[in-house]
């Protein structure tokens, strides 16, 4: 983990400037493609390549269970986590459909599901533990377990970078996982739990009150250190959140752009950002989730989401959808004609 | 034109409800795919087909010139209109790149360019006039010319619906065309010109003042009747704006969804909407343009844009980009597994 973090360097301004020069020479008024141009500049700077490619894409969907579901904070029973993992492997879930649409592979990782899958084709078995412990009664994980989750993400990112994948997306599956994500948001943004806790997959107003109380109690009991992201991840986090943080650290150390999905993924991104703020340069925020704590975390990192479609499914669905827009940014940069090539007047008269 | 308008009927609520039933049975919490679900419902209702397809897509980019450029209200000289048309035909413009990315064909229509293209392969020659007249000195078009522009759009929509195209996008090219679009916005939303006039392709603050004054003067001189959209189109509109309005009327009469690009396309959409408000049911607003008058027009029609990426290029670029999101909405609806198929528990416990 430390080695990986040591390899992360900020992107260089000179690449941003060089990309800008090309963008300003394309047959369009300067800046008129807005955020597509910003995306193109950032891709050039991240990859340090004037003509980058995004031909191989992967969304990593980390699945894990949460002991805190004992407290009745989720709309669905925890059996749904392994059921959905099997749905991912059969290609029937939202992430499968949207990743196919984006031309991305879905890599399903069991990092902490409380279920024995046996030997299931297609599942990446990297189980660190069978679900976290109930953070309402003690730390969700030990520090070593939390580090192992992060290192699992790093290992996956390194492997896929080596295989020639050019862009990563993050995703999650884990019944109950908006609860640790809200807890992380509260501790690392400094906001009260009530301001960063939402209805997840759709709990009632009454259950929402209980969820906030559980988060407040867990923070009070475990006293996570806001200056130590690994401590926060261990005490009130989750395995899949650690895996996501690791993928981001690994992506940044390999100069691979990484698309952060919604609320849970952004909790992972915030952990990674607090471990090494330079990771921010490598992240794209896919979309603005309906979950109320999402915005506070994106602001803390300093990311502006690409899409805003009232989505709150997770799995990496927002990341897959945003990949198309990111690829659009790259394509206008690479494929549009310049004023000279097209014989179009570029002199502004007014 | 009247025949076409007579054929437009509102979409039926029963199709929305049937589509909702299927959406609620897919392996995701109800409503968790937000606007993708809304898009899917609308596609079903528009096409009156429980399993619609979007396999053939076309973006119609209407090009026309504007006499009002004489007043010095644009950043670029009007020669750029035919130059960009040739750029479209060679495949080097923003719309070409983004339409390829969306899997859409680009149909370039000369509806009113002040240039003789001769016989250029790929250009749809439907020229109604060689540029509009200067609306600062009199009406931009006669009523007959305006109707001919709308009928041109209808004819194209009918033709492409017949060829089996399943979704249309609108686009524009015409140096100076934010000026008539702002004038239309002012007259049909009732807002002062200064509130709906922006910098177009990038004019100075001084030129912006002049542009507002030109629009105010043109409205005062020509007295377009806000209750008669064809009168507004004729007196202070443009050929491409009329063509776009026609495509929308034609799309609605053929039950084909139509994606409205940015500011100029929305001026065309507002003309179509004022001619027949039922057209609204068939429109998708692609994105939120940087042009300040865009929002007022979208609100008047009652459309919420899909994307918000600080774009202001026109050509149909936003429409092409939004087509991918619209197709994503359809794919989740058609391709996701149901709870039953996937063996996932759909009982909500909390």
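Computed values, structure above
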| read-out | value |
| --- | --- |
| Radius, Kirkwood style, for the range B:245-350 when every pair of distinct Cα atoms is counted (Å) | 15.1 Å |
| Nearest-to-axis residue of chain A, judged by beta-carbon position, where the axis maps A onto B, in Å | A:324, 2 |
| Label spacing, shortest first and in nm, from residue A:72 to its equivalents in the remaining copies (7 angstrom along Cα→Cβ) | 7.5 |
| Scattering curve values for the range B:53-165, log₁₀ I(q)/I(0), Debye with Cα scatterers, q = 0.14 Å⁻¹ | -0.64 |
| Label 7 Å beyond Cα on the Cβ vector: residue B:223 copy-to-copy distances, nm | 8.2 |
| Cα pair distances of the range B:268-307 binned at 10 Å [whole percent] | 31, 59, 10 |
| Number of partner chain Cβ atoms within 10 Å, mean per residue of B:337-346 | 5 |
| Rg ratio (alpha-carbon, reference 2.2 N^0.38 Å) - the range B:99-201 | 1.24 |
| Percentage of interatomic Cα-Cα distances in the range A:175-323 larger than 27 Å | 14 percent |
| The protein assembly as shown: radius of gyration and largest Cα-Cα distance (Dmax), Å | 26.4, 80 |
| Share antiparallel - DSSP beta bridges, chain A, percent rounded to 5 | 5 percent |
| Neighbour-count ranking [beta-carbon atoms within 10 angstrom, fewest first] of B:61, A:189 | A:189, B:61 |
| Debye intensity ratio I(q)/I(0), log10, the range B:57-324, q values 0.10, 0.13, 0.16 Å⁻¹ (C-alpha model) | -0.40, -0.70, -1.12 |
| Space enclosed by the convex hull of the alpha-carbon atoms of the range B:89-155, per residue, Å³ | 118 Å³ |
| The protein assembly as shown: antiparallel DSSP beta bridges as a percent of all, rounded to 5 | 5 percent |
| For the range A:165-252: rounded, prolate or oblate by the Cα gyration tensor [a/c cutoff 1.5] | oblate |
| Inter-chain Cβ neighbour average for residues B:198-205, partner chain, 10 Å | 3 |
| Normalised contact order of the range B:57-324, rounded percent, pairs of Cα under 8 Å and 6 or more residues apart | 26 percent |
| C-alpha center-to-center spacing [the range A:111-148, the range A:213-281] in angstrom | 16 Å |
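Since every read-out is calculated from the coordinates, none of them should be taken as a lab result. Note that the coordinates shown come from a computational prediction; the quantities given were computed from them, not determined experimentally. Cβ atoms come from the backbone with ideal geometry, glycine included; neighbour counts cover every protein chain shown.
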